[in-house]
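Here is the structure we will look at.
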Amino acid sequence: VTTDHILPGGAKVLPLRSNLPAISKFTFEGVDSTFVRRARAAGGGLVVGGSNYGQGSCREHAALAPIYLGIKAILVKSYARIHRSNLINFGILPVVFKDPGESEKIQPGDRLRISHLRNNLCVNGFFKIENITQQRTFEVSHGLNQREIEILLAGGLLNYTRENFRVRPELR
């Protein structure tokens, strides 16, 4: 899944780059024309993807548009390094399937539950996700370091930075 799959580039979308509500309407347009409508109707959710998710351009808008639509986590087989960082910086949890074959079992509209997320992030890097629709669980890994966990728990890099400047005045 490239950043162009997530949010198309080019003359149609890029001129809108400072208008997040406008660009978010194009999220996954070429992959699933119903994605935006379904994400809004559900009040957000999470995205299931394949390998090297976010490859290509380092376009931050490919992380901003999903967060605007309420996407809280991305579950994939693997990430492109820069896009993974962009997701963390904007407060979207990047997780990887322990068994890559699990991605094929999840269907659009399946209800997934992540319980006790704060504790799971701090423990050992692995936790279970429950597929409520299919009545089964599977394991994922977050691979986050302590700073990335703190950024996510703060809601993104801006919130993290604001909080650290407030708590640690010597950084000003």
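Structure above, values below:
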{"read-out": "Residues within the range 43-67 that are more than 14 Å from Pro94 (Cβ to Cβ), hydrophobic (A, V, I, L, M, F, W, C) and open to solvent by 20 Å² or more (accessible area, probe 1.4 Å), tallied", "value": "2"}
{"read-out": "Complete set of residues in the range 142-153 that are surrounded by 14 or more Cβ atoms within 10 Å (Cβ to Cβ) and touching a residue at least 40 places away in the same chain (Cβ under 8 Å)", "value": "His142, Leu144, Glu148, Ile151, Leu152"}
{"read-out": "Per-region count, the range 22-42, residues open to solvent by 60 Å² or more (accessible area, probe 1.4 Å), more than 19 Å from Ile106 (Cβ to Cβ) and of a type outside the set (Lys, Arg)", "value": "3"}
{"read-out": "Members of the range 95-138 found to be open to solvent by 90 Å² or more (accessible area, probe 1.4 Å) and in a loop (DSSP other than H, G, I, E, B), listed by number", "value": "Lys98, Gln107, Pro108, Arg111, His116, Val123, Asn124, Gln135"}
{"read-out": "Leading residue by the ranking (most open to solvent (accessible area, probe 1.4 Å)) among those in the range 1-12 that are touching a residue at least 40 places away in the same chain (Cβ under 8 Å) and over 15 Å from Ser33 (Cβ atoms)", "value": "Asp4"}
{"read-out": "Members of the range 1-38 that are within 21 Å of Val96 (Cα to Cα), among the aliphatic types (A, V, I, L, M) and outside any loop (DSSP other than H, G, I, E, B)", "value": "Ile6"}
{"read-out": "Meets criteria (open to solvent by 80 Å² or more (accessible area, probe 1.4 Å), over 23 Å from Val36 (Cα atoms), among the acidic types (Asp, Glu) and without any contact (Cβ under 8 Å) to a residue 60 or more places away in the chain) for Glu163", "value": "yes"}
{"read-out": "Verdict on Gly70 being surrounded by fewer than 17 Cβ atoms within 10 Å (Cβ to Cβ) and closer than 13 Å to Glu139 by Cα", "value": "no"}
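The values are calculated or read from the model by the stated rules, or taken from the named source; none is laboratory data. Computed from a predicted model, the values in this text were never measured in an experiment. Cβ atoms come from the backbone with ideal geometry, glycine included; neighbour counts cover every protein chain shown. When the accessible area is computed, the model is the full protein with side chains, heavy atoms only, and any ligands, DNA or RNA have been set aside. Shrake-Rupley method; radii C 1.70, N 1.55, O 1.52, S 1.80 Å.
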